[in-house]
Amino acid sequence: QVRLVESGGGLVQPGGSLRLSCVGSGITFRLYTMGWYRQAPGNERELVATIGSGGTIANADSSKGRFTISRDNAKNTVYLEMNSLKPEDTAIYYCNARYNWLTYWGQGTQVTVSS
């Protein structure tokens, strides 16, 4: 059974930082492109950042310079370090694992940026 379990979300003030983690199980983690997506109320789910099996990184324009994605294959974990958070970053953040036609999602973790 494939599981992606996110953690690290919460309430943070504008300008603050959070680190999200996603642990994968039931997959050969090192082969998968891992990604973070987010969905705010009333909006479609959107890409935040991805990291390929070889370490290639792609960032959405909204996250460039503020968010950093990384992975630790030994721990089957992908991270999202988020700095200089803004109220518009408020959303549910989802972990994604993709390999060829296979794609899996986590249950999401809420990030709220508010004073």
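The values are calculated or read from the model by the stated rules, or taken from the named source; none is laboratory data. Computed from a predicted structure; not experimentally measured. We place every Cβ from the backbone using ideal geometry, glycine too, and count neighbours over all the protein chains shown. With ligands, DNA and RNA removed, areas are computed over all heavy atoms of the protein, side chains included. Shrake-Rupley method; radii C 1.70, N 1.55, O 1.52, S 1.80 Å.
When all alpha-carbon pairs of the chain are counted, what percent fall beyond 21 Å? Intermediate results must be reported in sequence, preceding the final value.
Details: 1969 of 6555 pairs.
Value for the chain (Cα pairs over 21 Å): 30 percent.
May I ask which residue of Ala60, Met34, Ser84 lies farthest towards the positive end of the charge dipole of the chain, with charges of +1 (Lys, Arg) and -1 (Asp, Glu) on Cβ and the Cα centre as origin?
Projecting each Cα onto the dipole axis, the largest value belongs to Met34.
When the scattering of region 67-115 is computed by the Debye formula from its Cα atoms alone, each counted once and equally, what is log10 I(q)/I(0) at q = 0.32 Å⁻¹?
For region 67-115 at q = 0.32 Å⁻¹, log10 I(q)/I(0) is -1.23.
For region 7-49, I need the span (max minus min coordinate) of the C-alpha atoms along each principal axis, in Å, sorted largest to smallest.
37, 23, 15
How many percent of the accessible area of region 18-63 is carbon or sulfur, using a 1.4 Å probe? Working shown, then result.
On the way: 1030 of 2290 Å².
In region 18-63, the share of accessible area belonging to carbon and sulfur is 45 percent.
Looking at the chain only, what percent of DSSP beta bridges run antiparallel? Nearest 5 please. Display every interim value, and only then the final one.
Values: 39 of 42 bridges.
The antiparallel proportion sits near 95 percent.
Dipole of the chain, Cα-centred, from +1 at each Lys and Arg C-beta and -1 at each Asp and Glu C-beta, to the nearest 20 debye?
Values: 11 positive and 8 negative charges, 58 e Å.
The calculated dipole for the chain is roughly 280 debye.
Given a Förster radius of 22 Å and the C-beta distance between Glu81 and Gln1 as r, what FRET efficiency does 1/(1 + (r/R0)^6) yield to the nearest 0.05? Please list the in-between numbers first.
Details: r = 29 Å, r/R0 = 1.30.
E(calc), rounded to 0.05, equals 0.15.
Calculate the spin-label point distance for Ser62 paired with Thr112, positioning each point 7 Å from the Cα along the beta-carbon direction, and give it in nanometres.
Rounded to a tenth, the inter-label distance reads 1.9 nm.
Please compute, over every Cα-Cα pair in region 35-87, the percentage with a separation greater than 14 angstrom.
On the way: 751 of 1378 pairs.
The proportion of pairs with Cα distances above 14 Å equals 54 percent.
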